[in-house]
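A short worksheet on the structure shown next.
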Amino acid sequence: MPPRDPGIWMWAQALEMMDKAERMRQQFFQPGSSAGGRRPTWQPPVDLIETAEEYIVVVALPGVRPDQVQVVIDGGVLIVVGERALPVGDRTGLIHRLEIPHGRFERHIELPPGRLELGRRDLGDGCLVLTLRKLG
């Protein structure tokens, strides 16, 4: 079996990583206008961490103010809804790159079984951090 050329192997790995990045971008950022402006155009990425007493949910929301986010627990689903405005103050400028999603977002997070209560809610450093306390 001939030795593998590292240049070819590295190029194949780079192409595979670029394909994965593009699939993730398409999954989380789906631009487009919606009828009546009520349908979400993107879904923020989420981390869910469990400790002995609680679940911690971290939702990436760069540039979103606290008054632009609503959080609801409906059955066994945590729903985070809001809107991120286009950060350009003067809309006459020429946009060269627009990668951070904007518009209405909505994320449904299936919660683990059990009774939970929404505790702390902090929005800082571009992330919404929610604490869900486990109830007996």
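Here, each number is a calculation from the coordinates, and none is a lab measurement. Keep in mind that this is a model prediction, so the values were computed, not measured. For neighbour counting, all protein chains shown are included, and Cβ atoms are generated from backbone atoms with ideal geometry for every residue, glycine included.
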Take Leu132 and decide whether it is under 13 Å from Val46 (Cβ atoms) and touching a Gly at 6+ places or on another chain (Cβ under 7 Å).
-> yes
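Kindly evaluate Gly103 against the criterion of being small (Gly, Ala, Ser), touching a strand residue (DSSP E or B) at 6+ places or on another chain (Cβ under 9 Å) and in contact (Cβ under 8 Å) with a residue 60 or more places away in the chain.
Values: small (Gly, Ala, Ser): yes; touching a strand residue (DSSP E or B) at 6+ places or on another chain (Cβ under 9 Å): yes; in contact (Cβ under 8 Å) with a residue 60 or more places away in the chain: yes.
In short, yes.
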Does segment 87-95 contain at least one residue that is more than 25 Å from Glu54 (Cα to Cα) and either surrounded by 15 or more Cβ atoms within 10 Å (Cβ to Cβ) or under 14 Å from the mean Cα position of the chain (by Cα) (or both)?
-> no
How about segment 105-134: which of its residues are under 13 Å from Leu48 (Cβ atoms) and outside any strand (DSSP E or B)?
-> Leu111, Pro112
